[in-house]
Amino acid sequence: MYFDGAINSMGSGIGAVLISPDGRYYPVAAKIDFPCTNNVAEYEACILDLQAAIDFKVEELEVFGDSMLTIFQTLGQWKTKDAKLVPYHEYLEKLIENFDDISFIYTPRMTNQFADALATLASM
């Protein structure tokens, strides 16, 4: 699974891609209809994709994102200090309980282009 959030002059959007073990792509995108920060958009994108994975009854999942903050907070390497992000982090932690095996991996932006493009399109 790859996720990304985008905020620009047109608005805010989130994009995510679930990739099945046999190589099928399942893109998800949505416009965010409330003012938010980049970090909130990243959490929204990750949560949307985790919810989609749960709907698909995925049991094992690798999560890739180019948001160091979201990935490292989820891994417990960074503390969630921003009051706006605490509820997102707590909800994400609850979603994680639905998986038998889940890992979170930081990936550079250039390897997250599909999710980035979806987020950008959704923001417009």
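The values are calculated or read from the model by the stated rules, or taken from the named source; none is laboratory data. For clarity, every value in this text was computed on a predicted model and none was experimentally measured. Heads up, the Cβs are rebuilt from the backbone with ideal geometry, glycines too, and the neighbour counts pull from every protein chain shown. Accessible surface areas use protein heavy atoms only, side chains included; no ligands, DNA or RNA. Shrake-Rupley method; radii C 1.70, N 1.55, O 1.52, S 1.80 Å.
Tell me, what is the per residue accessible area of the chain in Å², probe radius 1.4 Å?
56 Å²
Cross-link partners of Lys94 among lysines, defined as those whose alpha carbon lies under 23 angstrom from its own and excluding same-chain residues fewer than eight positions apart: Lys57, Lys79, Lys81, Lys84.
Percent of accessible area on the chain owned by carbon and sulfur, 1.4 Å probe?
Details: 3790 of 6930 Å².
Answer for the chain: carbon and sulfur cover 55 percent of the accessible area.
Plugging the Kirkwood radius over Cα pairs into Stokes-Einstein for region 2-123, at a temperature of 37 °C and a viscosity of 0.692 mPa s, what D comes out in µm²/s? Diffusion coefficient, whole number: 231 µm²/s. Computed from point charges on the beta carbon alone (+1 for Lys and Arg, -1 for Asp and Glu), the dipole magnitude for the chain about its Cα centre is near 420 Debye. Across the chain, Cα pairs under 8 Å and at least six residues apart give a relative contact order of 40 percent. For region 80-124, the list of GluC sites (Glu not before Pro) that fall in a loop by DSSP and count at most 12 other C-beta atoms within 10 angstrom reads Glu97.
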